[in-house]
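Remarks on the structure that follows.
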Amino acid sequence: MTKLNSNSGCSKCGGVKVKPWKELSEDEKTIARRLPDANMLTTSELKHLSFCVRCWNVSPADDPRLA
Ligand SMILES: [Zn+2]
């Protein structure tokens with residue numbers, strides 16, 4: 001349970017609920033689509049991003065499991 005993961009946590013607010021696009025709920029996806037960093041992107045591009053559900057910071061989803 002204490003496995004270190006440098007990709008976990010938000011670089012902006014430190015929140016731990018940073019989710020890749022595919023793990024967002026429908027409500028969260030609606031919010032994410034309106035973000036300035038995301039509203040120009042296609043769905044396939046959004047799949048390459050992670051979203052902090054606390055402050056809505058957007059970061060690249062570089063987790064290889066998502067590739
Ligand atoms: Zn955050």
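We did not get these values from a lab; they are worked out from the coordinates using the rules stated. Only a predicted model underlies this, so the values are computations on that prediction, with no experimental measurement involved. Note that we place each Cβ from the backbone using ideal geometry, even for glycine, and neighbour counts take in every protein chain shown.
Summary table
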read-out: Cα-based Rg / Dmax (Å) for the range 18-61; value: 8.7, 23
read-out: Per-residue ³J(HN,Hα) for the range 24-41, Karplus 6.51 cos²θ - 1.76 cosθ + 1.60, θ = phi - 60°, Hz, x for Gly and Pro; value: 6, 6, 4, 4, 5, 5, 4, 5, 4, 5, 8, 5, x, 6, 10, 6, 9, 9
read-out: Cβ-based net charge around CYS10, under 11 Å, with every Lys or Arg adding one and every Asp or Glu removing one; value: +4
read-out: For LEU49, distant residues with modelled amide H under 5 Å away; value: TRP21, ALA61
read-out: Reachable lysines from LYS47, criterion Cα separation under 21 angstrom, eight or more residues apart if same chain; value: LYS12, LYS17, LYS19, LYS22, LYS29
